[in-house]
Structure formats: structure tokens, C-alpha cells
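Inspection log for the structure reproduced underneath, given as C-alpha cells.
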Amino acid sequence: MFDRILDLLMPGAAPRAETEIHIAVAALLVEAARMDDDFDPAERAAIRGMLARRFALEGGSVDRLIALAETAADRSSALYRFTRVVAERFDPAARVGMIEMLWEVAYADGVLDPDEDALIRRIAGLIFVEDHERGAARQRVLARRARTTQG
């Protein structure tokens, strides 16, 4: 299934490995947004911004990537396919960055749902991010959010 989605992207697109990474990251972010059964506009905006910055994508490309990630997430019964790509292709710092992105999505709507917290804990384990690193990533996100709301 994942391969079929990649094949749809391939004509004139980035190399397959790069496309696979883009979809895997986007699908994990989409999964985090959907954990509370409400993929709201604030979460969608947070994902758009992070994907645009992380992969240097323009608006239309980001929207297509999110749509493909939603399809991939809908058709996948497990996170493993996406987490495997991140675990294999990201260095340790980038994997911690992935967890930070997930915290950004979880807090985008202003409320951390227990299911979002559990998902991030599970993803962290699957991509080999230790508990203390996951917690530090969460604290960095909370500190940024506090500065943004104060300023």
C-alpha cells in the first residue's frame, strides 16, 4: 500500500527515499492530530507549517503531502511502516526533532489529550527516543508556546 502511494508521487517528484520520508513524517503528524478524534484547523496549520519548514515545500506541495499522508494513515493498520522509515533514516537528533513536532501537533489545539500523549510515547519507543529525551522535547515545546502566548 505504502509503495503504491509512493508510486503515485514518483513521476517528476523527489527521489523515492526522500518521498518516503516526507510521507512517513506527515503520516505520523496526521495520526497525532487525529488521536483526539478531531483534526482541527489549528492542528492542520501546525502540520502545514512544520512540513513546509522541515522539507522546504511550497503551499500546494504541502497540501498534497498532507492529503497523501491522510490516505496513507487511513490505509495503514499500524504505525510501524512509518516509524521504521524515521528510525532507519533519521539520526538521533532528527528523531528527537520528530518527537518535538508531534508535541507541537498535540498542543496545537491547546489541550493534550491522553491518547495523544500515549501515541507520542509509543512512537518515541518505536523510533528509539528515550523517555528523558521525549520529556525534554515536550518541555521545549511548552516553553515555546508559553513565550508565544506571552509575547
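The values are calculated or read from the model by the stated rules, or taken from the named source; none is laboratory data. All values derive from a computational prediction rather than experimental measurement. Glycine also receives a Cβ, built like all others from the backbone with ideal geometry; neighbour counts cover every protein chain displayed.
A few points about this structure:
- Condition broken by V111, with the remaining ones in (1) assigned to a helix (DSSP H, G or I); (2) modelled with pLDDT under 95; (3) exposed (fewer than 14 other Cβ atoms within 10 Å of the Cβ) satisfied: (1)
- Residue within the range 78-86 that is farther than 19 Å from R34 by Cα, in a helix (DSSP H, G or I) and basic (K, R) present: yes
- Identity of the residue in the range 47-68, under 11 Å from I23 (Cα atoms) and touching a residue at least 40 places away in the same chain (Cβ under 8 Å), that ends up surrounded by the most Cβ atoms within 10 Å (Cβ to Cβ): L65
- Whether a residue is surrounded by 14 or more Cβ atoms within 10 Å (Cβ to Cβ), under 15 Å from the mean Cα position of the chain (by Cα) and not acidic (D, E) was assessed, and R145 does not pass this test.
- Condition check for T71 on (1) more than 20 Å from A17 (Cα to Cα); (2) assigned to a helix (DSSP H, G or I); (3) modelled with pLDDT under 95: one failure, at (1).
- Here the condition is being more than 20 Å from R140 (Cβ to Cβ), at pLDDT 90 or above, under 11 Å from the mean Cα position of the chain (by Cα) and buried (at least 17 other Cβ atoms within 10 Å of the Cβ); of I99, I21, it holds for I21 alone.
- Counted residues, the range 125-139 - those being touching a Phe, Trp or Tyr at 6+ places or on another chain (Cβ under 8 Å) and in a helix (DSSP H, G or I): 3
- Test result for V105, surrounded by 14 or more Cβ atoms within 10 Å (Cβ to Cβ) and assigned to a loop (DSSP other than H, G, I, E, B): no
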